[in-house]
Amino acid sequence: MKPLLLIIDDWEGQIAKNKCWDQLRELVEIEFLGIPIENAPDSLLSGANFLMTLRERTTLTKEVFARLPQLKLVLQTGGHAYHIDQAAAKRQNISIALGRRVKAPLVSVPELTIAMMLGAMHLLPQAQQAMRSGQWPLLTGRTLSGRRLGILGIGRHGSRVAHIAKTAFNMEVVAWARSGKYTQTGNDIPRLSLDELLRTSDVVSIHLRLSPESTGLLNDERLQMMKPGSVLINTSRGGIVNENALIAALKTGPLSAAGLDVYSQEPLSADSPLRSLNNVVLTPHIGWTVEEVFEEFAQIACTQLQQYLQGKLPEAELLA
């Protein structure tokens, strides 16, 4: 009897259609779970040897692992495992393989970031809302050219946003990085203190990892010190910004607009005040959900499982 691979959270159906699974069907049984894993029958979970998950869509708790007694390997797409009870996995001798090799988000997230900047500065939310209601609005937007972009976190995503902003839009780019962590990239970008960056930037774009230090970093005090008329873009993690303080800053200033792809709680509640503000570009965490990312996720997971079955999965790809 072949071992069972259970693939969960493929909401868009992009993983299922990848041809790489055809190469694995001689080695493993593959089942795509169309319901939340906590609702799956024990008869299915008890026989699963391998699990593929999509980013942080499902929290893998000790209770979930207890229902997977035969589980040997989690193929975790993306480069982190914040949502996995790693201690519980270790107790059950479950290995976790990370998809650190994925490259497509390094294109898709910066592209969405720039799109949000353009949308906010050119008043696209206001224009679209008015046009859909039959109006022909008189709107005055602003260009990105010549304005200062402040980047919080000048790592893989932040450095690419900086490159596009400088070369394509002639923006002045400055950055702040926690503890100088990202000084190895973008050395031609001036580093400012966080307060100075917020006070002087026309657009602020967040590209930090969520951590105890970054959670709530942009609180009411810091949002209120931002430059009047400035724009905030967040395609990183919602928890970095205090959402109530952000709503206040959008309603009464100093912010003129924001572009948000991430939120403190996801999905964003239907009654969130953010949904009623016409100066906010809102998207449902789509920075990474592009065809190219799903293609890479599937290919990496297929390769990792083949390597695991051959006893050749590199230690560097496993969560320590």
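Alpha carbon centre of region 1-50 versus region 135-170: separation in Å?
41
With θ set to phi - 60° and the Karplus curve 6.51 cos²θ - 1.76 cosθ + 1.60, what are the ³J(HN,Hα) couplings of region 32-37 in order, to the nearest whole Hz, using x for Gly and Pro?
9, 8, x, 10, x, 4
Could you give the C-alpha radius of gyration of the chain expressed as a fraction of 2.2 N^0.38 Å, taking N as the number of residues it contains?
Numbers: Rg = 21.9 Å, N = 320, 2.2 N^0.38 = 19.7 Å.
Here the answer is 1.11, to two decimals.
By count of other Cβ within 10 Å, fewest leading, how are D10, D42, D85 ordered?
D42, D85, D10
Which of D195, D9, D188 comes first, and how do the rest follow, when ranked by fewest Cβ neighbours within 10 Å?
So the ranking, lowest neighbour count to highest, is D188, D195, D9.
Among L208, I96, L149, flag the residue with its Cα farthest along the positive direction of the charge dipole of the chain, charges on Cβ as +1 for Lys/Arg and -1 for Asp/Glu.
About the Cα centre, the residue reaching furthest to the positive side is L149.
For the chain, give the magnitude of the charge dipole about the Cα centre (Cβ charges: +1 Lys/Arg, -1 Asp/Glu; no others), in debye to the nearest 20.
680
Could you line up L4, L246 from fewest to most neighbouring Cβ atoms inside 10 Å? Spell out each step's value before the answer.
Numbers: L4 19, L246 25.
Taking fewest neighbouring Cβ atoms as first place, the list is L4, L246.
With everything on Cα atoms, drop me the angle between helix 291-309 and the longest principal axis of the chain, reported from 0 to 90° to the nearest 10.
With rounding to tens, the tilt is 30 degrees.
Which entries in the list K19/K72; K19/K90; K72/K103; K62/K90 go over 20 Å, if you measure between the two C-alpha atoms of each? Before the final figure, lay out the partial values.
Numbers: K19/K72 24 Å; K19/K90 32 Å; K72/K103 26 Å; K62/K90 10 Å.
Checking Cα-Cα distances, K19/K72; K19/K90; K72/K103 exceed 20 Å.
Please give the charge dipole size of region 222-288, origin at the Cα centre, charges +1 on K and R Cβ atoms and -1 on D and E Cβ atoms. Round to the nearest 20 debye. Please report the intermediate quantities before stating the final value.
Values: 5 positive and 4 negative charges, 50 e Å.
Taking the Cα centre of region 222-288 as origin, the dipole is about 240 debye.
In deg cm²/dmol and to the nearest 500, what is the mean residue ellipticity at 222 nm of the chain if only DSSP H runs of at least 4 residues count, each as -39500 (n - 2.57), divided by the residue total?
It lands at -9000 deg cm²/dmol.
Under 16 Å between alpha carbons, and skipping anything fewer than 8 positions from K166 in its own chain: which aspartates and glutamates qualify?
Qualifying aspartates and glutamates at Cα under 16 Å: E111, D188, D202.
Here, each number is a calculation from the coordinates, and none is a lab measurement. What you see is a predicted model, and the numbers here were worked out from it, not measured in a lab. A quick note on method: Cβ atoms are made from the backbone with ideal geometry, for glycine too, and the neighbour counts reach across all protein chains shown.
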